[in-house]
Amino acid sequence: AGIILTEIKPPEIMHEIAATELPVAAIGFNHPLLASRKAPTAFIRNDNAEIGRMGAEHFLSLGKFSSYGFVRKTEDDQSWVDERQEAFRKTLAGALKKPEISVFSPCGSTPRTGLAELAKWLKSLPKPAAVMAACDSQAAIVLDACIAEKIKVPDSIALLGVDNDQFTCFLSLPTLSSILPGHQEMGRRAVRELERLIKHGKRKSLPREITIAP
């Protein structure tokens with residue numbers, strides 16, 4: 001037997017899982033309680049650096065922009081956002097001479113709390129601008145702010161999300177471009193890894209981290 005986790009649970013449940021001797025495969029996140037386990041553990045995560053690099057390469061393939069932006073997401077654990085943002089910045093910096101790169105960090109407890117500040121930031125970007133959002137839900141909010149301020153997408157701002165959420169992308173107007181992470185492969189790899197951990201029994205080993213390319 002083993003456990004597959006797809007999200008961080010309440011603290012009492014995380015402590016219970018950390019204490020069990022069952023093998024655990026966590027999809028999409030890391031957690032200190034699980035990382036310190038003596039029982040077999042694996043973390044299957046997105047290659048967030050590659051996602052950020054792909055976003056930058058996409059914009060570079062479209063031609064010259066006057067500025068570039070990255071919109072973060074309001075969440076407690078933003079390590080995955082940090083990885084995407086830094087790879088996005090480094091790729092642009094490596095390909096362009098002193099590119100103008102700006103970052104917007106939402107304030108408040110919900111993404112839409114700072115909609116006015118987001119709109120102000122979008123208006124301040126030299127046009128045409130290329131903006132990557134940390135995920136599709138955030139890209140949709142950026143699009144709403146552009147519509148409210150009558151900023152044309154993609155003419156004035158080229159916008160890119162992450163997750164390829166078909167409901168969000170295809171129901172947006174205009175439709176959103178998006179990077180597709182390896183979500184299905186993450187699920188398959190988690191099952192294979194859990195099977196491997198079960199076969200090894202209670203043998204102690206360091207937690208294994210596996211990154212899946214988009």
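The values are calculated or read from the model by the stated rules, or taken from the named source; none is laboratory data. Quick caveat, the model's predicted, so the values are computed rather than measured. Here the Cβ is made from the backbone with ideal geometry for all residues, glycine too, and neighbour counts use every protein chain on show. The accessibility values were calculated without ligands, DNA or RNA, using every heavy atom of the protein model including side chains. Shrake-Rupley method; radii C 1.70, N 1.55, O 1.52, S 1.80 Å.
Need one word for segment 32-143: rounded, prolate or oblate. Basis is the Cα gyration tensor (sqrt eigenvalues a ≥ b ≥ c); a/c below 1.5 gives rounded, then a/b vs b/c decides. Taking the square roots of the gyration eigenvalues as a ≥ b ≥ c, segment 32-143 is oblate.
Note down the net charge around Ser67, summing +1 for each Lys or Arg and -1 for each Asp or Glu among other residues with Cβ under 9 Å from its Cβ. Every neighbour counted, the sum reads 0.
Angle of helix 183-199 to the longest C-alpha principal axis of the chain, folded into 0 to 90 degrees and rounded to 10: 20°.
Mean separation of Cα pairs under 8 Å and 6 or more residues apart, divided by the residue count, gives the chain a relative contact order of 27 percent. Compared with the dominant Cα axis of the chain, that is its longest principal axis, helix 48-62 is turned about 30°. Heavy-atom surface analysis with a 1.4 Å probe gives the chain a carbon and sulfur content of 54 percent of its accessible area.
Database remark: amide H of Leu5 closer than 5 angstrom to the amide H of Ala25, Ala26, Ile27 (H placed geometrically; neighbours at sequence offset of 5 or more, or on other chains; Pro and chain starts carry no H). A 1.4 Å probe, protein heavy atoms only, puts the accessible area of Val153 near 30 Å². Accessible area per residue was computed with a 1.4 Å probe on protein heavy atoms; His183 scores about 80 Å². Could you work out how far the C-alpha centroid of segment 35-99 sits from that of segment 175-193, in angstrom? Cα centroid of segment 35-99 versus Cα centroid of segment 175-193: 16 Å apart.
Stokes-Einstein diffusion for segment 129-200, with the hydrodynamic radius set to the Kirkwood value over Cα pairs and evaluated at 20 °C in a medium of 1.002 mPa s, equals 156 µm²/s.
Relative to the dominant Cα principal axis of the chain, helix 136-148 is inclined by about 20°. How would you classify segment 78-187 from its alpha-carbon gyration tensor, with a ≥ b ≥ c the square roots of the eigenvalues: rounded for a/c under 1.5, else prolate if a/b is greater than b/c, otherwise oblate? It comes out rounded by the Cα gyration axes. Using Cβ point charges alone (K and R +1, D and E -1), the dipole size of segment 1-84 about the Cα centre works out to roughly 240 debye.
Think of segment 55-214 as having a plus end and a minus end, set by charges on the Cβ of Lys, Arg, Asp and Glu; of Cys169, Ala93, Cys146, Ala93 sits farthest toward the positive end of this dipole.
With q set to 0.20 Å⁻¹, the log10 of I(q)/I(0) for segment 1-64, from the Debye formula over equal scatterers at the Cα positions, is -0.74. Normalising the average separation of contacting C-alpha pairs (under 8 angstrom, six or more residues apart) by the number of residues puts the relative contact order of segment 53-105 at 56 percent.
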